Amino acid sequence: MSLYNKITVIGAGNMGSAIAGGLLKYSHSEVCVANRSIGRLKSFKVTFSEAPNLTVTTDIAASVKDSSLVVLAVKPWAIKEVLNQVRPNLRDDSVVVSVAAGIGPAELQKLIDRDSIGVIYMIPNTALQVGKGMTFAAAAGVDKEKLDEIHALFAPMTRLKFVDESKMEAGMALCSCGIAYVYRFIAAAAQAGVELGFSYDEAVEYFTATVSGATAVIESSDLTLQQLVNAVTTPGGITIRGVNQLERQGFTAAVIDSILTPLKK
């Protein structure tokens, strides 16, 4: 039996809806979605109208009663306000997960001010909404059994890696920001596809399939990335010309700099 029989997700925006939707799809837990305004809740309830384990409410304070897991999917500036509302109703043995960027476990513990409540700072990227992507998490005051259960809950939605809090910003820069760079890479390739005679939508479709295929090969192969490149770059062939042109234009340096830049003070 799951340790998390009732889960409350506070916030029905894109990330909160993606997490709640994944929990409804892949777990048997009772899921309560709480949001300050009713509009998003109505839309979410229509989407999951056949889910018997879903409840929605605008009563944020009451939503966490009896919940063993509470997910805070709100903006960083709203975390303190929300925790002030729910703190009196939190179970002593509950776990609070926050996806608000920049608010780590130590700060969450200070805001909750209850030693018995474990906290997890989680940074997903938006691919979670389609059951993909990479999520980093740092925990405090959560025992192994509860962490294992969290991992099992989120595994169908995203690849989840627990790391030291000091690695969270790096994970955010590499993956949460990185997904935007992948979008731009595909968009740029699509522009070239148009010049080659495809429509823009066709080029996006074809190059997205190419990226997806490359990812699948990387995940299934024992070869290094350079060996995979070598396997498709015939000596004197056209592919190596394109690869070398990327390097002449500073491709590797640009990618490295784009990932490091968000963390520069």
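The values are calculated or read from the model by the stated rules, or taken from the named source; none is laboratory data. All values derive from a computational prediction rather than experimental measurement. Positions of Cβ are generated from backbone atoms using ideal geometry, with glycine treated the same way; all protein chains shown enter the neighbour counts.
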Tally time: how many residues in region 32-53 are within 13 Å of A20 (Cα to Cα), at pLDDT below 95 and among the hydrophobic types (A, V, I, L, M, F, W, C)? 4
Residue check: is V56 in contact with a Phe, Trp or Tyr (Cβ under 8 Å, 6 or more places away or on another chain), aliphatic (A, V, I, L, M) and surrounded by 13 or more Cβ atoms within 10 Å (Cβ to Cβ)? yes
Given V33, V71, which one is touching a residue at least 60 places away in the same chain (Cβ under 8 Å), within 21 Å of the chain's Cα centre (by Cα), within 21 Å of L108 (Cα to Cα) and in a strand (DSSP E or B)? V71
Which strands (runs of 3 or more DSSP E) does region 108-214 wholly contain that include 2 or more residues that are crowded, with 17+ Cβ neighbours inside 10 Å? 118-123, 134-140
From the set of residues in region 1-30 that are over 15 Å from L72 (Cα atoms) and among the polar types (S, T, N, Q), which is nearest to the chain's Cα centre (by Cα)? S27
So Y183 passes all but one of these: (1) free of Cβ contacts under 8 Å to residues at least 24 places away in the same chain; (2) in the same structural domain as V74 (by TED's automatic domain parsing). Which condition number does it fail? (2)
Of all residues making up region 37-56, the number that are outside any helix (DSSP H, G or I) and in contact with a helix residue (DSSP H, G or I) (Cβ under 7 Å, 6 or more places away or on another chain): 5
Conditions (1) assigned to a helix (DSSP H, G or I); (2) at pLDDT 95 or above; (3) not charged (D, E, K, R) -> L223 fails only (1)
May I ask you to say which residue of V71, V86 is at pLDDT 95 or above, surrounded by 19 or more Cβ atoms within 10 Å (Cβ to Cβ) and in contact with a strand residue (DSSP E or B) (Cβ under 6 Å, 6 or more places away or on another chain)? V71
If D92 meets every condition in (1) at pLDDT below 95; (2) farther than 22 Å from A138 by Cα apart from one, which number is that one? (2)
Can you report the number of residues in region 57-67 which are part of a loop (DSSP other than H, G, I, E, B) and touching a strand residue (DSSP E or B) at 6+ places or on another chain (Cβ under 8 Å)? 5
With respect to A139, is the statement that it is within 23 Å of Y26 (Cβ to Cβ) and not charged (D, E, K, R) true? yes
